[in-house]
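Everything below concerns the one structure shown next.
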Amino acid sequence: MISEETFEPEGEPAPEDGASEVATQPDDEQKREIARWVADGMGLSDIQKKINDDFAVVMTYMDVRFLVDDLNLTLIDEEEAVPAEDAADADGLADPAPEGPQDPPSAGGGGVQVELDTVNPPGSMASGSVVFSDGERKSWTVDQFGRLGLSGGSEDYKPSEEDVAEFQKALDSALRGKGF
């Protein structure tokens with residue numbers, strides 16, 4: 001009789017819960033569409049927004065990054081070409097030094113600098129600091145669920161949209177370099 005109770009329909013709500021988990025991931029058709037977006041040069045944050053808007057699937061930035069990795073897609077990083085053009089347009093002093101485009105005074109990419117900590121605080125997968133193009137410094141952490149958090153510096157500070165996009169790309173690149 002005890003074994004009959006364990007085989008009762010009590011186990012059936014679990015597949016419904018599993019179905020709600022499936023709704024947090026794009027299906028095969030949606031993954032093909034995401035592959036087209038990547039091929040068109042769309043960035044991770046734009047893909048994240050488009051997945052939410054077009055498919056009503058809510059994913060974190062890290063989930064989208066992992067999805068792109070799982071699909072073996074290669075993101076087109078347009079900002080790599082921009083600093084070289086900016087260096088050519090600037091005075092001749094910026095050309096010889098490869099570090100030049102990363103200095104905050106330069107226009108375009110390279111104004112945001114991301115550093116990784118060697119030891120992470122408890123509950124985080126990765127942590128470090130970021131210096132935005134206007135010199136504002138913040139600490140960042142990525143928890144075990146892929147959620148990004150910023151702390152420190154001025155509480156009312158809000159970086160520009162360009163800085164946020166550049167920070168996300170620099171963070172993605174730094175985390176990939178460490179095997180995330």
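The values are calculated or read from the model by the stated rules, or taken from the named source; none is laboratory data. Here the structure is a predicted model, which means the values were calculated and not measured. Here the Cβ is made from the backbone with ideal geometry for all residues, glycine too, and neighbour counts use every protein chain on show.
Mind checking whether some residue in the range 41-49 is more than 19 Å from Arg176 (Cα to Cα), more than 16 Å from the chain's Cα centre (by Cα) and not assigned by TED's automatic domain parsing to the domain that holds Ala165? Scanning the range 41-49 turns up no residue that is more than 19 Å from Arg176 (Cα to Cα), more than 16 Å from the chain's Cα centre (by Cα) and not assigned by TED's automatic domain parsing to the domain that holds Ala165.
For the range 146-180, a tally of residues being over 23 Å from Leu67 (Cβ atoms) and hydrophobic (A, V, I, L, M, F, W, C) returns 1. Comparison of Glu166, Glu115, Glu155, Glu162 shows that the only residue that is surrounded by fewer than 16 Cβ atoms within 10 Å (Cβ to Cβ) and in a helix (DSSP H, G or I) is Glu162.
Being without any contact (Cβ under 8 Å) to a residue 12 or more places away in the chain and in contact with a helix residue (DSSP H, G or I) (Cβ under 9 Å, 6 or more places away or on another chain) is the filter here, so list the residues in the range 110-157 that pass it. None - no residue of the range 110-157 is without any contact (Cβ under 8 Å) to a residue 12 or more places away in the chain and in contact with a helix residue (DSSP H, G or I) (Cβ under 9 Å, 6 or more places away or on another chain), so the list stays empty.
Of all residues in the range 51-66, exactly one satisfies the criterion of being surrounded by 17 or more Cβ atoms within 10 Å (Cβ to Cβ), within 11 Å of the chain's Cα centre (by Cα) and β-branched (Val, Ile, Thr), namely Val64. Listed by position, the helices (runs of 4 or more DSSP H) inside the range 1-103 whose residues that are modelled with pLDDT under 85 number at least 2 are 2-6, 13-22, 81-89.
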